[in-house]
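As structure tokens, the structure follows; a few thoughts come after it.
The values are calculated or read from the model by the stated rules, or taken from the named source; none is laboratory data. A quick note: this is a predicted structure, and the numbers were derived from the prediction, not measured. Glycine also receives a Cβ, built like all others from the backbone with ideal geometry; neighbour counts cover every protein chain displayed.
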Amino acid sequence: MEFRVPNSADLPAQPPAPFKNRRGWLIAFGTIQILIASFCLLISQVDFVASILPNRPAGVPEPGPIDPLVILTCGGLAVVFLTLGVGSIKCKNWARIAWQIVSGLWLFTGVILSFILIFVVPRIMELRGQLQPEKLRLVTMVTGFIMVVVPASLLVFYSLKSVRATCRASDLRQPGP
């Protein structure tokens, strides 16, 4: 009796493993991103209106040179979040790739900023005699959430194989522009 090891040509081809459809999550993330875009747009518009008010209420300072930068930054963020949010809702692969890039840069910036807030700012405030640990702790926690947890979550989600497969399958089903 002879024992023969089958080679790969003798084995039946296995169909690719089905992926878990993440369309619902892509729509949810896209909706949240559009809400963030709306918030950024609101901030830029409030800052713009405040900068052109002729009669300022008591205690409201005159606009400084930073106001146009705030308006442009928040407006630009609104455009990015709106565009990528709509792309995520439509399950577009370009939006998934763009979110990986944006969230990676956002996370990198957040880690550096958190490092500065944790190690540098307390030392400077201590030297000036202005250290308020409760306020600094709150600012550090909020900044850590917005600048580290949120982009890390986006990066992990948009890097999932099932999200990639969902976006690619959606791109194959829909005709291009």
- prompt: Restricting the first residue to the stretch 108-128 and requiring it to be in the same structural domain as Leu138 (by TED's automatic domain parsing), which pairs with a second residue that is outside any helix (DSSP H, G or I) meet a Cβ separation below 9 Å and a spacing of at least six or different chains?
  reply: Pro122/Leu131; Ile124/Gln130; Met125/Leu131; Met125/Gln132
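Just to be sure, is Pro61 at pLDDT below 95, more than 25 Å from Val148 (Cβ to Cβ) and assigned to a loop (DSSP other than H, G, I, E, B)? It would help to see each step written out before you state the result.
On the way: at pLDDT below 95: yes; more than 25 Å from Val148 (Cβ to Cβ): yes; assigned to a loop (DSSP other than H, G, I, E, B): yes.
So Pro61 passes the test.
Going by the conditions given, is Arg137 closer than 25 Å to Phe108 by Cα and touching a Lys or Arg at 6+ places or on another chain (Cβ under 8 Å)?
On the way: closer than 25 Å to Phe108 by Cα: yes; touching a Lys or Arg at 6+ places or on another chain (Cβ under 8 Å): no.
No.
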- request: Only helices (runs of 4 or more DSSP H) wholly contained in the stretch 90-169 count here; list those with 2 or more residues that are under 27 Å from Val79 (Cα atoms).
  value: 93-115, 133-144, 150-159
task: For Gly144, state whether it is out of contact with any Pro (no Cβ under 6 Å at 6 or more places or on another chain) and at negative phi.
output: yes
